[in-house]
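In what follows, a structure is listed as structure tokens, so that the remarks can point back to it.
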Amino acid sequence: MEKLVCVFLLSLFLCTSCETCDGDSSQCDGDSKEEGCGCKVNRDSTKYSSNEHNEKADEQHVNIPSDIPRTNEMLFIERGTFTMGTDEPVFPVDGEGPARKVTVYGFYLDKHEVSNAEFQRFVAETKYVTEAESFGNSFCLENYVSEEVLKNVTQSVAAAPWWVPINGADWRHPNGPDSSIKDIMDHPVVHVSWNDAVKYCEWAGKRLPTEAEFERACKGNLKSRLFPWGNKEEPKGKHWMNIWHGKFPSENTANDGYHTTAPVTEFPEQNIFGVKNIIGNVWEWTQDWWETKFTPTPKKNPKGPRFGTDKVKKGGSFMCHKNYCYRYRCDARSQNTPDSSAVNLGFRCASDTLPSYLNDINLVQEEVLLDEDNIVKEEL
């Protein structure tokens, strides 16, 4: 059968002049500018022909090494009122402000991003096929796609040419059809759409976190700080997250030890709640529809608009750099359509109650003890 060809609508969010942003909001608000930093690359499913999914997808099974531990542990995030957003936005057009008091009820959140190993368990049991597999392609960073695969690429994102749609890129093949997750089973699963993430969460007896829950878990009990642990990007000269080091996109020094994703267990717990990689590594889907108009009015347990076209993602990724896309801050946010997927986009789950099958896991944190030994101080 002649291979069906998908037509891409490469829609970019006008995320201001990200390539030259130095963190000064006066240089980043550029509402009238047409440049895009590539923070949002969407597929337009209305432009796709009906396409059979990769027939080999159901047959492809990646064995989980015996030394890969389970990483589905959940942490209890206590009820609290915190300041959501900021009055000093880096990207005002993203809706980072204004600052407003938000109360979030207690909930459980995955300590780690969902890993390839955990996602494999889901797929093995349900035979689920991701949207990237169904569409036959997904977005990759050109730097890590082989020359052989790049020969067949005829499209890229005009304002962010490092983003390329790759046929055969999916969660099992993160950098194209000739790549594999065999040696990175403990890394976050990528090339998963919002719809895929919802299906996984339902299977696990969980759900996606709301944006308010995500930001509450990111900020911990600190106030007016950029990162979960404080304001210093590298406390005491140590790496606490996986972001881009060097000049994006031409040079990646991998000073933090990783060129692309890192294991979901890597780096210190980022704040008092014990979360790992809640900023950096991969963008993470949230439950909310995207909106950018907020007021300072206090809210309780907000869940975003009832309808929309894009979903909110939080946390930034290994592709983020302060001079390129300074969105690995707790206040930062971006968006994609629910069927979009990319090599730097993953998720973690939340739940109102702890799933019964996790009750016996000793590592589950039932409550947060605010003692001096556990508090991550700003000046670390």
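Just a few scattered comments:
- Test: residue in region 105-123 that is assigned to a loop (DSSP other than H, G, I, E, B) and more than 23 Å from Q335 (Cα to Cα): yes
- Unique residue being touching a helix residue (DSSP H, G or I) at 6+ places or on another chain (Cβ under 9 Å) and either modelled with pLDDT under 95 or not in a loop (DSSP other than H, G, I, E, B) (or both) when the list is P165, P65, P89: P65
- Every residue from region 198-210 that is under 11 Å from A350 (Cβ atoms) and assigned to a helix (DSSP H, G or I): C201
- Criterion (in contact with a strand residue (DSSP E or B) (Cβ under 7 Å, 6 or more places away or on another chain), buried (at least 24 other Cβ atoms within 10 Å of the Cβ) and touching a residue at least 12 places away in the same chain (Cβ under 8 Å)) met by exactly one of P305, P209, P298: P209
- Just one of the numbered conditions (1) surrounded by 16 or more Cβ atoms within 10 Å (Cβ to Cβ); (2) in a loop (DSSP other than H, G, I, E, B) is not true of F139: (2).
- Residue selected from region 183-206 under the condition touching an Asp or Glu at 6+ places or on another chain (Cβ under 7 Å) and open to solvent by less than 10 Å² (accessible area, probe 1.4 Å), by the criterion nearest to W285 (Cα to Cα): S193
- Test: residue in region 301-316 that is in contact with a helix residue (DSSP H, G or I) (Cβ under 8 Å, 6 or more places away or on another chain) and farther than 22 Å from K206 by Cβ: no
- The residues of region 81-131 that are polar (S, T, N, Q) and under 20 Å from V282 (Cβ atoms), listed by number, are S115, N116, Q120, T130.
- Selection status of V114, within 14 Å of V192 (Cβ to Cβ), in contact (Cβ under 8 Å) with a residue 60 or more places away in the chain and surrounded by fewer than 22 Cβ atoms within 10 Å (Cβ to Cβ): no
- Cβ separations smaller than 9 Å between residues 6+ apart or across chains give the following pairs from region 217-233 residues that are farther than 14 Å from V102 by Cα to residues that are of a type in the set (K, R) and part of a helix (DSSP H, G or I): R225/K219; P228/K219.
- All positions within region 214-234 that are in a loop (DSSP other than H, G, I, E, B) and open to solvent by less than 40 Å² (accessible area, probe 1.4 Å): G220, P228, W229
- Residue tally, condition closer than 19 Å to F318 by Cα and surrounded by fewer than 16 Cβ atoms within 10 Å (Cβ to Cβ), over region 147-161: 1
- Checking each residue in region 235-279 for being under 16 Å from the mean Cα position of the chain (by Cα) and open to solvent by 20 Å² or more (accessible area, probe 1.4 Å) picks out T260, T265, E266, K276.
- Any chance S180 is surrounded by fewer than 20 Cβ atoms within 10 Å (Cβ to Cβ) and over 30 Å from E148 (Cβ atoms): no
The values are calculated or read from the model by the stated rules, or taken from the named source; none is laboratory data. Note that the structure is a prediction, hence the values are computed from the model and not measured. For neighbour counting, all protein chains shown are included, and Cβ atoms are generated from backbone atoms with ideal geometry for every residue, glycine included. Accessible surface is based on the protein model in full, side chains and every heavy atom, while ligands, DNA and RNA are left aside. Shrake-Rupley method; radii C 1.70, N 1.55, O 1.52, S 1.80 Å.
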